[in-house]
Amino acid sequence: MARYSATPANEAKSARCRGSDLRVHFKNTVEAANAIKGRKLLNAVTYLKDVQEHKQCIPFRRFHRGIGRTAQVKGMGAPTGRWPEKSAKYLLDLLKNVQANAETKGLNTEELVIKHILVNAAAKNRRRTYRAHGRINPYMSNPCHIEIIVTEQEKTVEKAVDDRQTVVFQNRKQLAAKRLHAANRK
């Protein structure tokens, strides 16, 4: 079994999957993964499908040099954004895989939340390009490893209303200042 970089808090209520040496750009995939982290699984799937159709964009926050601005990124906390279709395709395939793993475990797929998603750079693939005057330059690709852990969201219970008065603890300096202030008022 493969070793994951994180372990879920409740193994019975979570599912996971990973892809190794995927031939998709590392930087684009990091940004796409950060965009879906913390979302519900089905919400992330619809979001990535919208990215493929250019209806929504991926905000580029870390690797944003030389990337143009777009109006679709308004309200996402970044001025730049793109539509990395290939990264979205690979992430959709992995999300489909983790959804199948969750169904096999008997989890409710509508309550699954992406708790952990990690993109690591894999070993570069080396090719060559031919330049003028008989020179050769490298022509590298930047593949990546992706791992996803989804967890079934627990039902939240509302906190009971507490009618008791809260006690404020103060240190000696604060008590002395309070006494001094009260003495000055008299």
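Data table
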| item | result |
| --- | --- |
| Spacing of the two label points (7 Å from each Cα toward its C-beta) at LYS96 and VAL157, in nm | 4.0 nm |
| Theoretical gain in end-to-end length, LYS86 to ALA123 [0.36 nm per residue, Cα-Cα removed] | 11.4 nm |
| Carbon plus sulfur fraction of accessible area for the chain, probe 1.4 Å, in percent | 49 percent |
| Diffusion coefficient, µm² s⁻¹, Stokes-Einstein with Kirkwood Rh over alpha-carbon pairs of the range 10-85 at 10 °C and 1.306 mPa s | 117 µm²/s |
| ARG185 paired with VAL168, simple spin-label distance in nm, labels 7 Å along Cα-to-beta-carbon | 1.2 nm |
| Helix-only [θ]222 nm of the chain, DSSP H runs n ≥ 4, -39500 (n - 2.57) each, per residue, nearest 500 | -10000 deg cm²/dmol |
| Rg/Rh ratio calculated on Cα atoms of the chain (Kirkwood radius) | 1.24 |
| Largest-first principal axis extents, alpha carbons of the range 49-101, Å | 37, 21, 18 |
| Dipole magnitude of the range 43-106, debye to nearest 20 (Cβ charges: Lys/Arg +1, Asp/Glu -1, about Cα centre) | 320 debye |
| Filter on LYS40/LYS89; LYS49/LYS105; LYS55/LYS86; LYS40/LYS105 - keep pairs with C-alpha separation over 21 Å | LYS49/LYS105 |
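The values are calculated or read from the model by the stated rules, or taken from the named source; none is laboratory data. Every value quoted in this text rests on a predicted model; they were computed, and no experiment measured them. Glycine gets a Cβ as well: all are built from the backbone with ideal geometry, and neighbour counts include every protein chain shown. Side chains are part of the model used for accessible areas, which takes the heavy atoms of the whole protein and leaves out ligands, DNA and RNA. Shrake-Rupley method; radii C 1.70, N 1.55, O 1.52, S 1.80 Å.
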